[in-house]
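What follows is a short report on a single structure.
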Amino acid sequence: MKKKIAVLYGGRSGEHEVSLRSAAAIMEGLRSLPDFEVLPVFITKEGSWQLNGSRVTVLPDPDLKGLYILDGERTGNLVTVDVIFPVLHGTYGEDGTVQGLLELARIPYVGAGVAGSAIGMDKILMKAALKAAGLPVGDYLWFTAFDWQQEPDKWLAAVKAELGFPCFIKPANLGSSVGISKAYNEQQLREAIEEALLYDLRVIAEKFIAGREIECSVLGNDEPQASLPGEIIPSNDFYDYQAKYLDGRSRIIIPAQLAPEIIDEIRHLAVETFKVLACAGLARVDLFVNEAAGKIWINEINTMPGFTEISMYPKMWEATGLPFTELLQQLIQLAEERFRQKEALKTSIELEE
Ligand SMILES: Nc1ncnc2c1ncn2[C@@H]1O[C@H](COP(=O)(O)OP(=O)(O)O)[C@@H](O)[C@H]1O
Ligand SMILES: [Mg+2]
């Protein structure tokens, strides 16, 4: 019997289009394997789920585990699934929301659980957790839209005094560089904060880090492994949306050309980051490396990294000796393993008679 894998893609996110491309590559890979049947579940930008032209949903009731058909010819029927692969980047997909629904429905799924997804998506909580674990992150501070409205001068002064220029201003919860600016002076800083607050109610300000941009893929549950790292050479002043997706001039170098001891340290930090942030299955850890200064900083984690055939995550695994389709097989196995582990846990206290 083939395993039925429902691939969720699209979604209510600024990264909707990126998700379409990742999912196309993943579905093609899964279909090329004899063990799997793929159920493509497209999620519109408004958030409605569709399977082969019918609206479907997952209900938070484990008795109705699977894809429940809401319209079309088989209305009311249930399509059973073995594993769900949420190939969703950014909000309403990579941030714990879909993961929460799948936990309630008791369906195995690929990737981090609710907490790992949510914390990985929130740059403020992510940096706080890494810092608390003694992992290297750059200097930062954060405030809310409310704080900013109350005392803008105080926050401008704090950023200037604690971080200096240039600095980075980012919405706490977004991806693909959306809403992110590099500010070189006070005027730009004001504009950057106003811009970031269009996207989120909290912003993070970070000190500029002069370093090469290095990424590392992590795979596993209890014993996560790290790939060889890769390097990004952005075409713009920083790796902004344009440099990521539009101009096609950013370069990637896999594996990154770094001293062996630096590579070991990067892989170690990537695995530690994965563990501290309660990840499962997969994640891509992005770092900055300044070899001359002998320093490495963790920039961020992506719990559902870009996954086209030419994306960093699968490419770095390929360079480490793990081909695309084997990577997919392992991700499905890891989803099932994590599900079994969770199912075996007690959910209530059994009182002695
Ligand atoms: N503190 C920093 N110092 C230097 N460059 C940075 C810093 N923060 C972000 N950048 C640049 O901005 C890009 C996007 O920031 P990042 O935090 O990775 O956001 P996203 O989640 O949108 O990818 C990075 O890839 C890097 O080029
Ligand atoms: Mg990034």
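The values are calculated or read from the model by the stated rules, or taken from the named source; none is laboratory data. For clarity, every value in this text was computed on a predicted model and none was experimentally measured. Positions of Cβ are backbone-derived with ideal geometry, glycine not excepted, and every protein chain shown enters the neighbour counts.
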Counted residues, the range 38-66 - those being loosely packed, with under 15 Cβ neighbours inside 10 Å and of a type in the set (D, E, K, R): 4
Pair list, Cβ < 9 Å and 6+ apart or interchain, from the range 317-338 residues that are outside any helix (DSSP H, G or I) and surrounded by fewer than 16 Cβ atoms within 10 Å (Cβ to Cβ) to residues that are among the aromatic types (Phe, Trp, Tyr) and at pLDDT 95 or above: 323/317
Residue that is surrounded by the fewest Cβ atoms within 10 Å (Cβ to Cβ), among those in the range 262-295 that are within 23 Å of residue 331 (Cα to Cα) and among the small types (Gly, Ala, Ser): 278
Unique residue being under 25 Å from residue 265 (Cβ atoms) and either free of Cβ contacts under 8 Å to residues at least 40 places away in the same chain or small (Gly, Ala, Ser) (or both) when the list is 133, 161: 133
Hits in the range 170-190 - residues which are over 21 Å from residue 17 (Cβ atoms) and polar (S, T, N, Q): 181, 185, 187, 188
Hits in the range 97-127 - residues which are under 13 Å from residue 300 (Cβ atoms) and either part of a strand (DSSP E or B) or of a type outside the set (Asp, Glu) (or both): 119, 120, 121, 123, 124, 125, 126, 127
Residues (more than 19 Å from residue 173 (Cα to Cα), among the hydrophobic types (A, V, I, L, M, F, W, C) and either more than 14 Å from ligand 1 (Cβ to nearest atom) or in a strand (DSSP E or B) (or both)) located in the range 190-214: 214
Of all residues in the range 173-202 being of a type outside the set (Gly, Ala, Ser), touching a strand residue (DSSP E or B) at 6+ places or on another chain (Cβ under 8 Å) and within 16 Å of ligand 2 (Cβ to nearest atom), the one that is modelled with the lowest pLDDT: 178
